[in-house]
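The structure under discussion appears below in the form of structure tokens.
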Amino acid sequence: MSEIITVPPAFFDTVETWIFDLDNTLYPASSRLFEEVSRRMTTFISEYFNMAPDAAYQRQRDFFMRYGTTLRGLMVEHRMDPEPFLTYVHAIDVGVIQAAPELAERLALLPGRKLIFTNSSRQHAQRVLDRLGITTHFEEIFDIAAADYVPKPDKTSYSLMLQRHQVPPASACMIDDIARNLEPAKSLGMKTVWLRGGIDWARHQNVLAADYVDHTVDDLVSWLDDLILRRAQIEDWR
């Protein structure tokens, strides 16, 4: 089985709700914005536990791999209050992100509901969307607090998101840059799209990932172009 899965635009004809990840998905990983978030996580852990930065980073990565987010590991193993952590790590300059008028144009033309599903905070998501210039195209942000601080890829948060926003999974598509975050979405009946980037830990680790990655794209705007063209053709045929 090939690791790189592609399906024709017709595969997405029944999608009524588009569920987008935020960081490194709606803006390119090359902006390195999330690297700054990661650095602030390391600093927070280093100061909180009075440990060297290298050791703090290892603890950060360990929590991420085992719990889905560093914050979840801190909450489970150290009963940490999430809000001070989220406030600290998201106190970053989003000005490194460029406005995205082409993405805004495609989102406006893409039929259907559009939601944000992120392990970040609502405040961070709002700042990023405003900077990109795409805020008005999204109906709602389902952030880590809305998920009761249970992050992707825990299936519980997906079910809660679908229930809260009354989204039938069979008519939904999820787009994420972290491949393992798509597995629960697929198991619930959603279509899945992996946006490949240059981050090693965001890649799927073996060919079994193809079981839950329906489609792989390298450029979000180009893929949206294909979908919009397909929908326009459908309208012409009616």
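The values are calculated or read from the model by the stated rules, or taken from the named source; none is laboratory data. Everything quoted here is computed from the prediction, not taken from an experiment. Glycine also receives a Cβ, built like all others from the backbone with ideal geometry; neighbour counts cover every protein chain displayed. Ligands, DNA and RNA are excluded from the accessible area calculation, which covers all protein heavy atoms including side chains. Shrake-Rupley method; radii C 1.70, N 1.55, O 1.52, S 1.80 Å.
Some observations on this one:
- Karplus (6.51, -1.76, 1.60) ³J(HN,Hα), θ = phi - 60°, over segment 85-96, in Hz, Gly and Pro reported as x: 5, 4, 4, 5, 6, 9, 7, 10, 8, 7, x, 6
- For the chain, accessible area per residue (1.4 Å probe, heavy atoms of protein chains only), Å²: 48 Å²
- P(r), alpha carbons of segment 24-105 - 10 Å bins starting at zero, rounded %: 17, 45, 26, 11, 2
- The magnitude of the dipole of segment 72-161, with charges of +1 and -1 set on the Cβ of Lys/Arg and Asp/Glu and taken from the Cα centre, is near 180 debye.
- Checking every one of the trypsin sites (Lys or Arg not before Pro) in segment 1-67 against DSSP loop status and a limit of 16 other Cβ atoms within 10 Å picks out 32.
- Degrees between helix 33-49 axis and first principal axis of the chain (Cα, 0 to 90, nearest 10): 30 degrees
- Alpha-carbon Rg with Dmax, taken over segment 75-154, Å: 14.5, 46
- The chain - percent of accessible surface contributed by carbon and sulfur, probe 1.4 Å: 51 percent
- For the chain, the longest principal axis of the alpha carbon atoms and the long axis of helix 155-164 meet at an angle near 60°.
- Relative contact order of the chain, pairs being alpha-carbon contacts under 8 Å that are 6 or more residues apart, as %: 27 percent
- For segment 1-157, alpha-carbon Rg over 2.2 N^0.38 Å: 1.14
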